[in-house]
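Novice: Before I ask anything, here is the structure I am working with.
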Amino acid sequence: MAFRVIENRLSRRHFLRSTAAAGLITAGSLASPRLSRAAQRPVITHGVQSGDVGMDHGVLWSRTDRPANAIYEWATTESFRDVRHLPKVAALPESDFTAKILATHLPPDQEIFYRVRFQDLADSGVDSEPVIGHFRTAPRGKRDVSFVWSGDTVGQGWGIDVDRGGMKGYATMLKHEPDFFIHSGDNVYADGPLVPEILLADGTKWKNLVTPEKSKVAETLDEFRGQYKYNFMDENVRAMYAQVPVLTQWDDHEVTNNWSDSKVLPDAYQEKSIALLGARAARAFHEYMPIATVADEPNRVYRKIAYGPLLDVFMIDMRAYRGPNGDNLESRTDATSAFLGTDQLNWLKRELALSTATWKVIAADMPLSLLVWNNAADKKGFEGISNNESGTPLGRELEFANLLRFMKSAKVRNTVWLTADVHYTAAHYYDPSQAAFQDFDPFWEFVSGPIHAGSFGPNEIDKTFGPQVKFVKAPEPGQEKVGPAAGLQFFGHVKIAADSGIMTVTLRDTADNALWSIDLPPQGA
């Protein structure tokens, strides 16, 4: 089968401009779910998304307002002259009318234009208006690669203020036309109710859009679903996800703050089972995120995204397999000290060793050495990996000492860790000569976020693995927990040059100021 390959980005830029001018989706599809029942035709309620894009595949997602068949089509031209059809997918109440499909047999290194319409199951002659999206498949050969990452969306009570432009960080990231976006967790704050107004230090008011589901902590399945629906009320989010694939992972706020098996839920929760909350949250996450799953473990989040010869991305899950949050001082690896868990750790070591990509990006939902307390007010227990001892690895540090030692012995080169979580941006260089545990090769970790939430930090740092803080941008003392209006919202931008293999990492704020940058040349085997 012959495909027309588009060698330049002119068509894509035209597509971006034209879809932005049209609001990306039809006027009817922007209607809120509560209004869509007035229409005789099915309505696409929350736009489209793509995710987990490789050389020949990608996940496509959308949602409608009633039982309907999703009819997905794709083409290599924005005119859809060479259209290909995918099997129908039923959008039913059991999935909250979401529908996603893994599109396969796509051509590599190709601009893909896709569209979806929904066919009413009560009347097969009635279809929705179509909605169009776009992504680019991974290359088979070397070409420049560009992507962005951040995390933490609608946290600490900061929601969508339409008069202030909504979630502007998403629009800023889209300007860079990245190949994909890594969302490093806290896609939603299911534990973060919104209030209509917040008085700011300058005397003005932040005015949140508020929905019933965002007015309380999420407990029911529908309330967890409502967290994701809320984000899609923002035009910047819809525009970003219609054009740029997302590689997503989860952290704690998709369920509740600092959750683990030991979590005791506060009085705001009538539901007191953390396991039940976690199950409902996981279902909503997988319904609303365009994540590729495996049949034998449908809720699995950790996975590898192969993006051509220059890059493999390893999405890890630091939440679902951890032991209880506690003192983190165990002297041996067991269920209590687990963070990645045995199966995930063995998978990560195996896949890193097998990778032939020049760069191996480990996308982590938490940083390695920053102190994250389980009870920040009293500085008791640990939510993160480190334990404030800065000595021989203990507790959760044991898994990472094991991993770093393995990477050195297996000669796994050119690893970079990307994360968010702590609500500021920083660059950390891990230097074995400065570490208590020294059996590893040096590497970089970059932190960037939030994209739309409260800002705070910087955190204290544990020296077990020798992190050196090379750059940090955070609120000044007395500015803690300021919101998006203060401008302390961050993302990172990565470029890998095809000719040299050099990775350029730039830390940016959502006004698109380049705060700090470094060129990393690849090291030989």
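The values are calculated or read from the model by the stated rules, or taken from the named source; none is laboratory data. These numbers come from a predicted model, not from an experiment. Cβ sites come from the backbone with ideal geometry, for glycine too, and all protein chains shown count toward neighbours. These accessible areas exclude ligands, DNA and RNA; they are computed on the full protein's heavy atoms, side chains included. Shrake-Rupley method; radii C 1.70, N 1.55, O 1.52, S 1.80 Å.
Novice: Before we move on, is TRP158 open to solvent by 10 Å² or more (accessible area, probe 1.4 Å) and within 26 Å of THR220 (Cβ to Cβ)?
Specialist: yes
Novice: Just need a number here: residues in the range 273-297 that are surrounded by fewer than 20 Cβ atoms within 10 Å (Cβ to Cβ) and over 18 Å from ILE316 (Cβ atoms).
Specialist: Of the residues in that region, 8 qualify.
Novice: Test ASP65 against the criterion of being closer than 26 Å to ASN231 by Cβ, among the charged types (D, E, K, R) and touching a strand residue (DSSP E or B) at 6+ places or on another chain (Cβ under 6 Å), and give yes or no.
Specialist: Yes, satisfied.
Novice: Do we have GLY381 as touching a Gly at 6+ places or on another chain (Cβ under 8 Å), of a type outside the set (A, V, I, L, M) and not in a helix (DSSP H, G or I) here?
Specialist: So GLY381 passes the test.
Novice: Here are GLU445, GLU389: which of them is within 20 Å of the chain's Cα centre (by Cα) and either of a type outside the set (A, V, I, L, M, F, W, C) or open to solvent by less than 40 Å² (accessible area, probe 1.4 Å) (or both)?
Specialist: Details: GLU389 fails: within 20 Å of the chain's Cα centre (by Cα).
Being within 20 Å of the chain's Cα centre (by Cα) and either of a type outside the set (A, V, I, L, M, F, W, C) or open to solvent by less than 40 Å² (accessible area, probe 1.4 Å) (or both) holds for just one of GLU445, GLU389, which is GLU445.
Novice: I need every pair where a residue in the range 482-511 that is assigned to a helix (DSSP H, G or I) has its Cβ under 9 Å from the Cβ of a residue that is among the β-branched types (Val, Ile, Thr) and open to solvent by 10 Å² or more (accessible area, probe 1.4 Å), sequence separation at least 6 or different chains.
Specialist: Taking only residues 6 or more apart or on different chains, the pairs are PRO484/THR510; ALA485/THR204.
Novice: With respect to VAL43, is the statement that it is modelled with pLDDT of 95 or more and more than 25 Å from LEU174 (Cα to Cα) true?
Specialist: Yes, satisfied.
Novice: Here's a follow-up. Select from the range 141-183 the residues that are among the aromatic types (Phe, Trp, Tyr) and in contact with a helix residue (DSSP H, G or I) (Cβ under 6 Å, 6 or more places away or on another chain) and write down the one among them that is farthest from ASN513 (Cα to Cα).
Specialist: Residue satisfying both the conditions and the ranking: TRP158.
Novice: Among residues belonging to the range 198-237 that are modelled with pLDDT of 95 or more and acidic (Asp, Glu), point out the one that is most open to solvent (accessible area, probe 1.4 Å).
Specialist: GLU235
Novice: Of the residues that sit in the range 91-109 and are touching a Ser or Thr at 6+ places or on another chain (Cβ under 7 Å) and crowded, with 20+ Cβ neighbours inside 10 Å, which one is farthest from ARG81 (Cα to Cα)?
Specialist: The residue in question is PHE97.
Novice: Quick check on my filter: what residues within the range 448-470 are in contact with a Ser or Thr (Cβ under 8 Å, 6 or more places away or on another chain) and open to solvent by 50 Å² or more (accessible area, probe 1.4 Å)?
Specialist: If the condition is that a residue be in contact with a Ser or Thr (Cβ under 8 Å, 6 or more places away or on another chain) and open to solvent by 50 Å² or more (accessible area, probe 1.4 Å), then LYS463 is the only one that fits.
Novice: Also: Regarding SER18, is this residue assigned to a helix (DSSP H, G or I) and at pLDDT below 50?
Specialist: Details: assigned to a helix (DSSP H, G or I): yes; at pLDDT below 50: yes.
When the stated conditions are applied, SER18 passes them.
Novice: What number goes with the only condition from (1) of a type in the set (D, E, K, R); (2) open to solvent by 50 Å² or more (accessible area, probe 1.4 Å); (3) in contact (Cβ under 8 Å) with a residue 40 or more places away in the chain that ASP439 does not pass?
Specialist: (3)
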